[in-house]
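Just so you know, all these numbers are worked out from the coordinates, no wet-lab data involved. What you see is a predicted model; the values in this text were computed from it and never measured. Here the Cβ is made from the backbone with ideal geometry for all residues, glycine too, and neighbour counts use every protein chain on show.
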Amino acid sequence: MRVVLERREEPLRFMQVGAPILALLLTIVLSWPFFLLLGLDPPATLKIFFVEPLSSWNGISEWLLKASPLILIALGLTVGFRANVWNIGAEGMFTIGAIAAAWCGLRYGASDHVWLLPLMAVAGAGGGMVWAAIPAWLKTRANTNEILVTLMLNYVAALILSYLVNGPMQDPDGLNYPQTASFEPAAMFAPLFSGLRLNASLFITAAAVVLSWLFLERSFLGFQMNVSGAAPVAARYAGFRQTRMVWLSLLSSGAAAGLAGMMEAAGPLGQLTPSISPGYGFTAIIVAFVGRLQPLGIVCGGLLLSLLYLGGEAVQMSLNVPASLARSFQGALLFFLLAADVSIVYRIRLRRR
Amino acid sequence: MTAQPRLELRQVSKRYGAVLANDAVSLSVEPGQIHAVLGENGAGKSTLMKILYGAVRPDSGEILWEGKPVEIASPGAARRLGIGMVYQHFSLFETISVAENIAVAIDGQFDLKALTERIRKLGARYGLPVAPERLLHDLSVGERQRVEILRCLLQEPKLLILDEPTAVLTPQAVRQLFGVLRELAASGCSILYISHKLDEIRELCEVATVLRGGRAVATAAPKTQSAAELARLMVGVEVPAIRRDGHARSTAPRLELAGLTRAASDPFGTALDKVTLAVHGGEVVGIAGISGNGQSELLAALSGETPSAEAMIRLDGSSVGDRGVAARRKRGLVFVPEERLGRGAVPAMSLADNGLLTAHGLGLVRRGLIRRHPVLRFARDVIERFGVRCAGPMAAARSLSGGNLQKFIVGREMSLEPGVLIVSQPTWGVDVAAATFLRQSLLDLSRRGAAILVISEELEELFEICDRIAVLCRGRLSVARPREQTSTEEIGLMMSGIDARAA
């Protein structure tokens, strides 16, 4: 017997929605024995994982607060992924964006000006774009592989951050801790509700969802990106310029990731430390694919992955399990999602030799 | 002739979704008979062939092989029965030799030396001379077809199926092929010959089964029936003749090639050598030639996909050789490529989106946003005017048959009312009625003042619509000769590199 894949005449419609659900179910099935091995009761663990985090207002606030940067970064990445530009460097763009925003926030923090936050937002997006311009320039000029360049630049960005918080940007009154001074209130988003950390940066993400939908589904430029991803030869035939697509892809994902970095720095963090991101830039890649490169799907994907973060933290705290559990969960989910995706376009058959 | 037919189909049906591709088709092929399957695109010819070759299972009906009912479960099963198939598109590897190409298609073990000898003998016996040691990329299209046929003959088939075999051959190579097929038939092998070229079928075949809309509508005797009668059976209505109005040539050429030269883009490509040509408004100029003689390089240079030196190409007097596709399109040059899926159209996208691909300048985009209604209207308009058979403007390009997609792409580009239209194989795989319509549309467009350049392997087509014809051979272009002052024989010879007048 051997397994063969046969192309379907039509893509299977219900699997486009069904695949993420199937993937989630398979992830749970796979993790079941791991829970048992760790001496946990699987149903109770799953309840702490998926239900507990959302059972309080504070939990919901944290959920949205984590989902927001994930969604924003994933929207930016999607622009490139649709055009077959594989940017793995959102983590670095996020970091550089946060650094640029923090520099503005610390430099002009005392001014108490209403334009301070917008300035930081522009600096954040600009920082991300500068970082994204490097792989774009190298790809269009020297035909380098953007996957490698963006991946490497993540480490460069992390080292720059580490240098800055240990040196030029270190808090002079900070007892030599590797961190910057805390931002003034004017350099931070105000909480939406008292006592909760959720802040107004959520509206930036909401606006980005609408804008990216408009760009990807309704604009001619978005159409051109879809064409260069789906059939590069047809894009050449129609006269769509490939270099323009590469620049647009990388700059928009850079701007989104940089802005997300700014939102994180000027939101829950309020200062820079060597570890400002819990891997948002990488998780957002999963979010983009779980959401099958559709803005509304990405919103759902961002909420799901954010829940996995919180659930992972919750089981860590209440059941004392390792932190890598949540990461394995994410990894398994992406793996199963890609596998389930195959069934949309292909039929899986067993065939006798 | 024996009493028992070699192959008999009884009431064979195959349904794809809402479409009945084959509707109770019956036919019977005698040993040693050359039997034509005649039909337009979408009439069900290819489904029928796939059923016979085991690639598709019929929903109902019976297949009898030498009187016994059989089930053909796979191409391997078809080969074991003694059915050989020569596809329209060859499945050969460029970088290995003829013998190796044949060896990879044989199940199980083989001895390359013995095989080489067998290929040589078989080739000599049927008049199919091919040196087994030659590398495939050195071979002409006609020679490649011989390799495909030899590959089938090695299995000693009792039935050989050929799908549109002459689409890529020069008139001289067609003569040769017909000789081989007659020889084969005389030795007892039955031949199923799929085509829509009426002249060929009338010359070669004893019996023709005519398919229309999935049904076998008639069994004809092509030797005694006229081409017009056969066409009427195939299309169902009378096919109009092409109308050629007198033409007024513009004084200045609209498209000029001045010594266009470029190196081959890949090791198997052909370099262009000082290609010079002027196409005026109001005329149709044809470029004949066997594919692989620089056609794809010339087309890419003309469309702007691979730019060349500035002065080598002029559009309405201004040099555009170094400009890209978008700049040339803005100046009114449009292009219909030979590859429909993946180049002329995005396979996964709808016809509406594929209309937008090049027709965005017709008010389909406003302030950077796509206007859904005009996009749908444009696609619907092309579908209607060019008789594209499809589920509507939202149908994916890949769901259309090749001929129907071709109609859509040619229709889309003609709707742009271009000043210069370059078209490669305009009616390749398109049925008779639609081909006539497309040719008439091209002529009408030229008579409205456009300059049209047609690159085609079909000489009949070029002689039907062109005012002047040139030949591309090994990257060199001959002088374009007025249609009245040349003949298919002369052009055919020039295609194989022999210029009677130059000698």
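Odds and ends about this structure:
- Karplus-derived 3J(HN,Hα) values for region B:415-421, using 6.51 cos²θ - 1.76 cosθ + 1.60 with θ = phi - 60°, are 5, 6, 6, x, x, 10, 10 Hz; glycine and proline are entered as x.
- From phi via Karplus (6.51, -1.76, 1.60), per-residue ³J(HN,Hα) for region B:321-332 in Hz, x at Gly/Pro: x, 9, 8, x, 4, 4, 5, 6, 4, 4, 8, x
- Close amide H partners of B:Leu7, meaning residues 5 or more places away or on another chain with modelled amide H under 5 Å apart, are B:Val29, B:Glu66.
- Relative contact order of region B:7-235, pairs being alpha-carbon contacts under 8 Å that are 6 or more residues apart, as %: 29 percent
- Pairs from B:Lys45/B:Lys121; B:Lys113/B:Lys197; B:Lys158/B:Lys223; A:Lys66/A:Lys139; B:Lys330/B:Lys407 whose Cα-Cα separation, in the structure shown, is over 28 Å: B:Lys45/B:Lys121; B:Lys113/B:Lys197; A:Lys66/A:Lys139
- Using C-alpha pairs under 8 Å with a sequence gap of at least 6, the mean separation divided by the residue count of chain B gives a relative contact order of 15 percent.
- Secondary-structure-derived ellipticity at 222 nm for chain B, considering helices only, amounts to -9500 deg cm²/dmol, per-run term -39500 (n - 2.57) for DSSP H runs with n ≥ 4.
- Counting Cβ atoms of other protein chains within 10 Å of each residue's Cβ and taking the mean over peptide B:349-355 gives 2.
- Over chain A, DSSP H runs of length four or greater, each weighted -39,500 (n - 2.57), average out per residue to a 222 nm ellipticity of -23000 deg cm²/dmol.
- Taking the number of Cβ atoms within 10 Å of each Cβ as an exposure proxy, the fewest-first ranking of B:Arg262, A:Arg2 is A:Arg2, B:Arg262.
- Sequentially through region A:318-323, phi angles give Karplus couplings (6.51, -1.76, 1.60; θ = phi - 60°) of 7, 10, 6, 9, x, 5 Hz, Gly and Pro residues having no value and appearing as x.
- Global form of chain A, assessed from the alpha-carbon gyration tensor, a/c cut-off 1.5: oblate
- Extending 7 Å from Cα along the Cβ direction at B:His247 and again at A:Val51 yields two label points whose distance is 7.9 nm.
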